[in-house]
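A short write-up of the structure that comes next.
Readers should treat all values here as calculations from the given coordinates under stated rules, not as data from a laboratory. Just so we're clear, the structure is a prediction, and the values are computed from it rather than from any experiment. Quick reminder, even Gly has a Cβ in these numbers, built from the backbone with ideal geometry, and neighbours come from all protein chains shown.
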Amino acid sequence: MKTLANFIQDEQTKAIEKHGAFFAFGQKQFNEKAKNGVEYVSISAGLICPKSAAASLVSDLEQIHEKGINQDLETNGKKAIIRRELFNHEIFITWDFADTMAALDGYGISESEVRAVFDEIRATENIDDYC
């Protein structure tokens, strides 16, 4: 099953390159990639971008993310996405819905929908197989 990352990765890479941004996780990496005379800002998680392109890059990344969510929903459907995220966040070990709900932010999926899929899995599958 494709995940959100699969749907957005190529487009994100194109947007990052288009705006002259790059990832750097230390001064050495920054120095290797930075261009002289360009003022840079940190967007997040090591993403560095020319200050003049930062707002445009963030806007592009937000649009790519939204498009990816729509592709994920069209391709996989709500129920399969909920199931994927429940297992990805080890719900049958932690019994904590917070990480699953955070992963589904932007999908328009309610906690009651997540709990319904959770309850269905518990009722129809041997969850000990997943622990």
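Please indicate, with yes or no, whether at least one residue in the range 1-18 is of a type in the set (Lys, Arg), in a loop (DSSP other than H, G, I, E, B) and closer than 26 Å to ASP128 by Cα. Yes.
Results for (1) closer than 30 Å to GLU125 by Cβ; (2) touching a residue at least 12 places away in the same chain (Cβ under 8 Å), shown as yes or no for each residue.
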site	(1), (2)
PHE7	yes, yes
ASP10	no, no
GLN29	no, no
GLU32	no, no
VAL38	no, yes
SER44	no, no
PRO50	no, yes
ILE81	yes, yes
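Select from the range 5-33 the residues that are exposed (fewer than 13 other Cβ atoms within 10 Å of the Cβ) and basic (Lys, Arg) and list them in ascending order. Correct list: LYS14, LYS18, LYS28.
Whether any residue in the range 103-114 is surrounded by fewer than 18 Cβ atoms within 10 Å (Cβ to Cβ) and of a type in the set (S, T, N, Q) is what I want to check. Yes, the range 103-114 contains at least one residue that is surrounded by fewer than 18 Cβ atoms within 10 Å (Cβ to Cβ) and of a type in the set (S, T, N, Q). From the residues in the range 96-131 that are more than 22 Å from the chain's Cα centre (by Cα) and of a type in the set (A, V, I, L, M, F, W, C), which one is nearest to GLU62 (Cα to Cα)? In this case the residue turns out to be ALA116. When you check SER52 against the structure, is it surrounded by 11 or more Cβ atoms within 10 Å (Cβ to Cβ) and closer than 28 Å to TYR107 by Cα, yes or no? Considered against the rule, which asks whether it is surrounded by 11 or more Cβ atoms within 10 Å (Cβ to Cβ) and closer than 28 Å to TYR107 by Cα, SER52 comes out as no. Tallying residues that are surrounded by 12 or more Cβ atoms within 10 Å (Cβ to Cβ) and within 17 Å of THR3 (Cα to Cα) within the range 79-102 yields 15.
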